[in-house]
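For reference, the structure is listed below as structure tokens.
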Amino acid sequence: MIYEIPEFGLDFDVKSHIATKRKPIFVICVILSIAIYHTRHQILGYHRKFHKQRAYLFIHVFTGLTEVFRYRLRELLSQGPIDILPDAFDVLSCFVWGWTSLELVKTLQRGDPQTTRPPYQTGACLRPVISLASYVFGIPCLHKVSICALDSFIWARVGIFFFSYSPYLRSPSPKTAYAIAIPLSAIIAIHESQVPGASLTFIIAMACVAGVNRWVTQKSRSMRDPHESSKVPVHIKRLVPMLINLGFVELEELRAVKKLNELEKPVQDEYI
């Protein structure tokens, strides 16, 4: 009996170590599989749609995959559970990812823009901030949340597949499946980080971003009305165009104030 205790402890440690290795391997394999499938079946469609923005799309995909793979490989190569912090390259990649996200989501028409655009906009704003905070203040859990948020790409595809082919919804349109899956996938991915309060913070931030979009839309319409424009304060007149340029406005108003080719082209809602 004396020798059974350390033997059991060793066996438990080995199993625990193997278990910690399985997740990054699984995540890397799933991301690669979905990314390859998505690239073959969807990127060409995006490529035709975005025209001048196609460079943003490929930079966006590349920086996101780079962040995920660097994090998961560090997990895989570690000797045990470790706290992973971003380096300067990770932070730079995250800021580039956020910038390209805002450029791409500015004209996003897929699904219901009122439910699909705010999650993307929220992630584009929050991820660079929390990545920088993790780097400056040495807080590993913030970096973990930032990376897990990227897994929403996986959960979105799973959600779209579920809502499209399961009996949960009766003959849903691809537009409906996408509109539901995008916000849910973001919340699930962030919850997966197991960082207390992260999901709730994201939900509140997402609601605030949607509110900003509506507020900017309202103020922009007032500014275009000759009778109402004089009542709008000067600082609002300066702030609203800046937010519109960043895409924080509803698409109907963006069409009214900007002549963007991407908003005039029909959207083929085929996501699977």
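Summary table below
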read-out: Likely footprinting exposure, ILE236, ILE190, ILE244, fewest C-beta neighbours within 10 Å first; value: ILE236, ILE244, ILE190
read-out: Radius 13 Å from Cβ of LEU102, net charge of other residues (Lys, Arg +1; Asp, Glu -1); value: +2
read-out: Peptides 144-150, 82-88, 122-128, 223-229 ordered by average Cβ neighbours within 10 Å, highest first; value: 144-150, 122-128, 82-88, 223-229
read-out: Residues PHE62, PHE202, sorted so that the one with the fewest Cβ neighbours within 10 Å comes first; value: PHE62, PHE202
read-out: Stretchable slack from THR176 to HIS227, in nm (0.36 nm times residue separation minus alpha-carbon distance); value: 14.5 nm
read-out: Cα pair distances of the stretch 200-245 binned at 5 Å [whole percent]; value: 5, 21, 26, 20, 13, 8, 5, 2, 0
read-out: Rounded if a/c under 1.5, otherwise prolate or oblate - the stretch 117-272, Cα gyration tensor axes; value: oblate
read-out: Relative packing of 211-221, 157-167, which averages over residues the other C-beta atoms within 10 Å, highest first; value: 211-221, 157-167
read-out: Among the listed pairs LYS175/LYS219; LYS231/LYS259; LYS219/LYS258; LYS237/LYS259; LYS106/LYS219; LYS144/LYS175, those beyond 22 Å (Cα-Cα); value: LYS175/LYS219; LYS231/LYS259; LYS144/LYS175
read-out: Whole-percent pair-distance distribution, where bins are 5 Å wide, for the alpha carbons of the stretch 118-188; value: 3, 17, 22, 18, 13, 10, 7, 5, 3, 1
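Read-outs: derived from the displayed coordinates by stated rules, not from any lab. Not measured: the values here are computed from a predicted model. Note that each Cβ is placed from the backbone with ideal geometry, even for glycine, and that neighbours are counted across all protein chains shown.
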